[in-house]
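Here is the structure we will look at.
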Amino acid sequence: MITNRWLEKRKPHWTRLEALVQQSRGGISALSHAELKELGLLYRQTASDLAAVREDVNSRQLAAYLNQLLGRAHNLIYMGGKPKVGALVHFYRDTYPRLFRQLLPQTALATAIVLLTMFGAWFLTLRDPAFAHRLLGPQMMQTIEQKKMWTDSVVTMKPLASSGIMTNNLSVAFSTFALGITGGLGTIYMLVVNGLLLGVIGAATAHAGMALLLWSFVAPHGALELPAIFIAGGSGFEIARGLLFPGLLPRRDSLEIAGSRAARLLLGTIPMLVVAGVIEGFFSPSGAPVAAKFALSALLFSALCTYLFLSQRALVGDAKVDSVP
């Protein structure tokens, strides 16, 4: 049980650590040798305090504050070295799955928004086919009604199409992330648009008897592309959380910490979108058997879930303070 006496004794140390971190915004060179030693000592003491606070179920807000403070101090202490390939490997192998699980509620919210919008648009299109005409336009609807896939042109220009698809997907992901600064409203808009298009196109192609054609095209690359968009939405909501709910931190510091976490969460989607772009440009529109396309989709999605949720090295580190590569 955390007592008021213990808090009064420890708070000056946390305040001092926060002051040193604030003082070194421009870099660790802003601190003297004595202050650097003090920073290291306060960091270790605060880490010990955090372990004690976590034992008290009534001190969750304080635990969150200390965890954020330690994260900022950790970034400062370990920012000096040049980036190494090993650090990048460590980030994707260990840190990223752990970060994903820490921010899972934000990603789950983004996923729910897309899926709810998609199913809502699906049923609305089935009840009112004119809705699809208004949203998709006459040219695309004519293609669907003729039972043709608008993706056929991709086959004739695979390298260029793949590059364009990657660029577009990365643009969508970065926009969804960056619009978190609007308090999450811009992120919600991007997610709703994606869900709306999925629902309307899905219903329109199903009505035209093209459901298998559509989903056998979407499945191979969608196993990575759609989760990447959901994660990008989660990163946008993390920015919004830092902006709207700073807790015990000044809003500026809360936004800075949340922005750093969100940017690292988004960073993990880049390899996913690159691979998805290659698949969408070369394999999805190909004449490969439908069973092979769905098999690849299942394989990729299973591998992604195993990596994000069951990475053993990252599971070991789940209880530790989050670190930056």
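The values are calculated or read from the model by the stated rules, or taken from the named source; none is laboratory data. Computed from a predicted structure; not experimentally measured. Cβ coordinates were reconstructed from backbone atoms using ideal geometry, including for glycine residues, and neighbour counts include every protein chain displayed. Keep in mind that these areas ignore ligands, DNA and RNA; they rest on the heavy atoms of the full protein, side chains included. Shrake-Rupley method; radii C 1.70, N 1.55, O 1.52, S 1.80 Å.
Structure data summary
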{"quantity": "Tally of Lys pairs whose C-alpha atoms are under 21 Å apart, taken over the chain, 8 or more apart or cross-chain", "calculated": "6"}
{"quantity": "On Cα atoms only, tilt of 104-127 relative to the major axis of the chain in degrees", "calculated": "20"}
{"quantity": "Cα centroid separation, segment 281-300 to segment 1-51 (Å)", "calculated": "54"}
{"quantity": "Rounded tilt (10° steps) of 290-310 against the dominant C-alpha axis of the chain", "calculated": "10"}
{"quantity": "Global geometry of segment 256-311, whether rounded, prolate or oblate, following the gyration tensor of its Cα atoms and the 1.5 cut on a/c", "calculated": "oblate"}
{"quantity": "Segment 181-325: C-alpha gyration tensor shape, a/c 1.5 cut-off, then a/b vs b/c", "calculated": "oblate"}
{"quantity": "Shape category assigned to segment 164-215 from the gyration tensor of Cα positions, a/c cut at 1.5", "calculated": "oblate"}
{"quantity": "Per-peptide average of other Cβ atoms within 10 Å, ordering 101-110, 66-75 highest first", "calculated": "66-75, 101-110"}
{"quantity": "In order through segment 2-9: 3J(HN,Hα) via Karplus (6.51 cos²θ - 1.76 cosθ + 1.60), integer Hz, x for Gly, Pro", "calculated": "7, 9, 4, 5, 5, 4, 4, 6"}
{"quantity": "Dipole of the chain [Lys/Arg +1, Asp/Glu -1 at C-beta], most positive-end residue of Asn168, Asn75, Leu185", "calculated": "Asn75"}
{"quantity": "Computed [θ] at 222 nm, helices only, for the chain once each DSSP H run of length n ≥ 4 contributes -39500 (n - 2.57)", "calculated": "-25500 deg cm²/dmol"}
{"quantity": "Heavy atoms of Tyr92 accessible to a 1.4 Å probe, total area in Å² rounded to 10", "calculated": "60"}
